[in-house]
Amino acid sequence: MMLDAIKSPADLRSLKESDLKQLADELRAETISAVSVTGGHLGAGLGVIELTVALHYVFDTPRDRLVWDVGHQAYPHKILTGRRDRIRTLRQGGGLSGFTKRAESEYDPFGAAHASTSVSAGLGMAVARDLEGKPHNVVCVIGDGAMSAGMAYEAMNNAGAMDSRLIVILNDNDMSIAPPVGAMSAYLARLISGRTYRSLRQIGKKFGKHLPKFIERHAARAEEFARAFWTGGTLFEELGFYYVGPIDGHNLDHLLPVLKNVRDARNGPILVHVVTKKGKGYAPAEASDDKYHGVVKFDVATGVQAKTKTNAPSYTKVFGQSLIKEAKRDDKIVAITAAMPSGTGVDLFCKEFPNRTFDVGIAEQHAVTFAAGLATEGFKPFAAIYSTFLQRAYDQVVHDVAIQSLPVRFAIDRAGLVGADGPTHAGAFDVAYLGCLPGFIVMAAADEAELMHMVATAVTIDDRPSAFRFPRGEGVGVELPAEGKPLEIGKGRIVREGHKVALLSFGARLAECLKAAEELGAHGLATTVADARFAKPLDTALILRLAREHEVLVTIEEGSIGGFGSHVMHMLAEHGALENGLKIRSMVLPDVFIDHDKPERMYEQAGLNAPDIAATVMKALGRTVKVSAGGGRVA
């Protein structure tokens, strides 16, 4: 195989151009083979095989900076940049990240996993290069989906105004506005990206400055109109970019000369519009790009994905179905998602209520303020956004929702640690960043039945914003009620009664708390387990009772410091409940970003499993802790 000889892009650049097609075919096969073993993002990577080969062939990486937006399409890039021997460790514990990562390779100059960051980062790199007087190129590859986010346009507007030398590759695999791609457009792209045309254009501009102003303006408009008529790209030209394209992103004969031309351009930002197809070269992925965007392990020959054993419905599905039930009774309920309909369960809602479902694209800031606008008119918007993505809209949550006390309901999926996607997608901070906002109601579901009740509760909250969080993956298998029942705001529940130790859980660690209570009971420690349900407002009466009636009180949550436990500590201090010898401990996610692994291993590393909870109690009581034969820590 030709790919066997490629240890780095330098080896790739030693090949003849006529060899690149074969290399691309081998790279596509290797990518399919690797992802069939590990699972992960497939369609996006297959769509940029030829583009990846061409970029590393034309540009002198890593000296030339190559920035991939999001990074889920970078598996072929990883194979070509010295990581092929580890490519079957993708998204596995201790293995390669599913996204670009600076600590992993010098060929990843910027880490990414959230969309629309590449142009901003690339512009920063380009300005740093210019300040140091260096000659290298900066290339940003951004997908058309990521171009739906305002941040991309903010960066392009800035780059155009600064006239910085920057190359942006628009990887267009879904834009309906793209003109036809073929030999003529390839010829035009090659022509207008070439030095002769650009030189003539500059000469024309200089000549025009000596003409009367009205003639200069008309000449510039005529040139712009002519290029826009044949190639498109007027929007990008208005932002200050020199537009080239569209070109066929799977045709190396089209890609290579254009990339060489823009590489050799020495002035201003350039955007190259490349049209690709998700899943290119693998029939099952081409036929169903949504199902093959992210995959579990699959059979390469048939494309059939491995089925996971399901003992309980996923939290996401329970949310979607619960919202449907509520919406059948209340026509003011609407659902909003930011380009994640299936990931949030909003796709289920959309099938029932297409006119009441709004996918705003990768635009979380807009999603939040859009929901706020709906709320002002008496509607009941449910903004279903991952915890990690809601971070991107925090100012809107504060300014447009919280200050105005608008009843936007935030359905926060992916709470806690999320497994293979790692720290970029972990829901670690939402309790802390929402719990500090005046008037906010913050809930967390201990199981899938509680999630149903919290959906019903959120429907009834019409005077202030609210949020309920739930984890990724399957529920714990509890029996589901026929429908959710609204909870009393700020009231928790006792799940198990004891008298020595109290475990106060907020969220989906409740099952682990119950296991820990069994282990503590075996050591003679009668343990109360309570489900707080609410981080804000707190159930003050319940917590004060736990503090008064138990020797040890431990709070447990799937979030960072500054969240539920901090609120409990503050409340107890204000009530003087810490002055009576109470031994109180707060268990939160550790103050580190935990790398990708299986969720259970991540929680083991975080110290939030049942043995860790039991060990925390034992230490608080001054008992010696040792590791049991099964790996758990006991007294």
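Every read-out reported here was derived from the displayed coordinates using simple, explicitly stated rules and does not represent laboratory data. Everything numeric in this text was worked out from a predicted model, so none of it was measured. Glycine also receives a Cβ, built like all others from the backbone with ideal geometry; neighbour counts cover every protein chain displayed.
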From the coordinates shown, Kirkwood radius over Cα pairs in Å corresponds to which of [x] 26.9; [y] 23.6; [z] 29.7: [x]
How big is the stretch 493-634 by Rg and Dmax over its Cα atoms, in Å? 14.4, 43
Just want to confirm a number: the relative contact order over the stretch 493-634, from Cα pairs under 8 angstrom separated by 6+ residues, in percent. 24 percent
Length gained if Lys583 through Val296 is fully extended, taking 0.36 nm per residue and subtracting the Cα-Cα distance, is 98.8 nm
Loop-only check: which GluC sites (Glu not before Pro) in the stretch 366-460 are DSSP coil with at most 14 other Cβ within 10 angstrom? Glu377
Largest-first principal axis extents of the Cα set of the stretch 33-169 (Å): 46, 31, 27
Take every DSSP beta bridge with both residues inside the chain and express the antiparallel ones as a percent of the total, to the nearest 5. 15 percent
For n ≥ 4 DSSP H runs only, could you compute -39500 (n - 2.57) per run for the chain, divide by its residues and tell me the 222 nm figure to the nearest 500? -11500 deg cm²/dmol
antiparallel share of DSSP beta bridges within the stretch 315-471, to nearest 5, in %, is 5 percent
Longer than 27 Å from Cα to Cα, which of Lys101/Lys278; Lys351/Lys598; Lys291/Lys598; Lys485/Lys536 are they? Say none if no pair is. Lys351/Lys598
What fraction of the DSSP beta bridges in the stretch 493-634 is antiparallel, stated in percent and rounded to the nearest 5? 25 percent
